[in-house]
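I have placed the structure first, in the form of structure tokens, so that the comments after it can refer back to it.
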Amino acid sequence: DDNYVAFSDIKPASKYHYLIIPKQHISDAKSLVPEQKTLGLASTGHPFHSISHLHLHAIAPASQMGFISRGIFKPDSWWFVTVSIFN
């Protein structure tokens, strides 16, 4: 749409794995202003920060994620931020 673009992840963590990216450039979760904090969030200021553009990983079903993917996409971990931290 006018605000977001979505596409399949090139290395899917489960059967359905999509990236949703705002068209407005926001470098990471730490750069969000209060009215933007209702967005789903991913990657922020971590050793594996390879993309300086806020993006949401939509992954389902979580039960089909492999061991490495469960470690990478662990909620509220050092490198994966969820919306709940802003509530």
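The values are calculated or read from the model by the stated rules, or taken from the named source; none is laboratory data. Quantities reported herein were computed from a predicted structural model and do not represent experimental measurements. Counting neighbours? That spans all protein chains shown, and the Cβs are built from the backbone with ideal geometry, glycine included.
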### Task
Note down all Cβ pairs under 6 Å where the first residue falls in segment 56-79 and is on the phi < 0 side of the Ramachandran plot and free of Cβ contacts under 8 Å to residues at least 12 places away in the same chain, the second is assigned to a loop (DSSP other than H, G, I, E, B) and β-branched (Val, Ile, Thr), and they're at least six residues apart or on different chains.
PRO75/THR82
### Query
Looking only at segment 1-28, which residues are without any contact (Cβ under 8 Å) to a residue 12 or more places away in the chain and more than 20 Å from GLY71 (Cβ to Cβ)?
ASP1, SER8
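So, LYS15, is that one over 21 Å from ASP76 (Cβ atoms) and at pLDDT 90 or above or not?
Numbers: over 21 Å from ASP76 (Cβ atoms): yes; at pLDDT 90 or above: yes.
Spelling it out, LYS15 is indeed over 21 Å from ASP76 (Cβ atoms) and at pLDDT 90 or above.
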### Query
Before we move on, is PHE73 of a type in the set (Phe, Trp, Tyr) and at pLDDT below 65?
no
#### Entry: Out of HIS49, HIS57, sole residue that is modelled with pLDDT under 70, touching an Asp or Glu at 6+ places or on another chain (Cβ under 9 Å) and outside any helix (DSSP H, G or I)
HIS49
